[in-house]
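The values are calculated or read from the model by the stated rules, or taken from the named source; none is laboratory data. The structure displayed is predicted, hence computed values, not measured ones. As a convention, Cβ positions derive from the backbone with ideal geometry for all residues, glycine included, and neighbour counts pool all protein chains shown. With ligands, DNA and RNA removed, areas are computed over all heavy atoms of the protein, side chains included. Shrake-Rupley method; radii C 1.70, N 1.55, O 1.52, S 1.80 Å.
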Amino acid sequence: MFHLLLAAPVLAVFGAAAIFVLSLPFWVGGLLQLFLTAFCRRKPVYAIPAALGVVGVIASAVNLVPAVGVGPVAVYWLVYFVELLLIFLVVYNIKRAVLRLIDRKKAGTTPKNGQ
């Protein structure tokens, strides 16, 4: 039992490091998708996080599938791509609504002073 107590901090650090490494694509890909969708005007640029995800899928298929199996790797990347899709849909629709509102304001078609 004493040996287990000596190893507990090492296992905790290893677990924290594993969670950090596993969540890194979600943070980087999600933030990259958010910024590219919000600030870029060319639509092919929106696909950069998904292309990076495909590279991650290929790397996972080569390196992780023999050790872990297809199921967990597929679920991990499925959740990643769903996250990217949801971020894109929300930010893109907000961006379109704001740009329409700005265009209406410039055209003068919005009611002024609440009238």
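Observations
- Here the simple spin-label model places points 7 Å from the Cα toward Cβ, and for Leu89 and Leu101 these points are separated by 2.2 nm.
- Top positive-direction residue, dipole computed over the chain with Cβ charges, set Val28, Gly56, Ala17: Val28
- Where the chain is the region considered: accessible area per residue in Å², 1.4 Å probe: 77 Å²
- Leu34 paired with Ile58, simple spin-label distance in nm, labels 7 Å along Cα-to-beta-carbon: 2.9 nm
- Gain upon complete extension [Val21, Tyr46; 0.36 nm per residue less C-alpha separation]: 6.6 nm
- Given +1 at the Cβ of Lys and Arg, -1 at the Cβ of Asp and Glu and no other charges, the dipole of the chain around its Cα centre is 1040 debye to the nearest 20.
- FRET efficiency, 1/(1 + (r/R0)^6) with R0 35 Å, evaluated for Ala7 and Val65 via beta carbons: 0.75
- Normalised contact order of the chain, rounded percent, pairs of Cα under 8 Å and 6 or more residues apart: 29 percent
- Screening the chain for whole DSSP H helices with an alpha carbon extent of at least 27 angstrom along the helix axis and a mean Kyte-Doolittle hydropathy of at least 1.0 yields 2-39, 70-107.
- Using the average count of surrounding beta-carbon atoms within 10 Å as a protection proxy, the listed peptides 33-43, 6-16, 64-74 rank, highest first, as 33-43, 64-74, 6-16.
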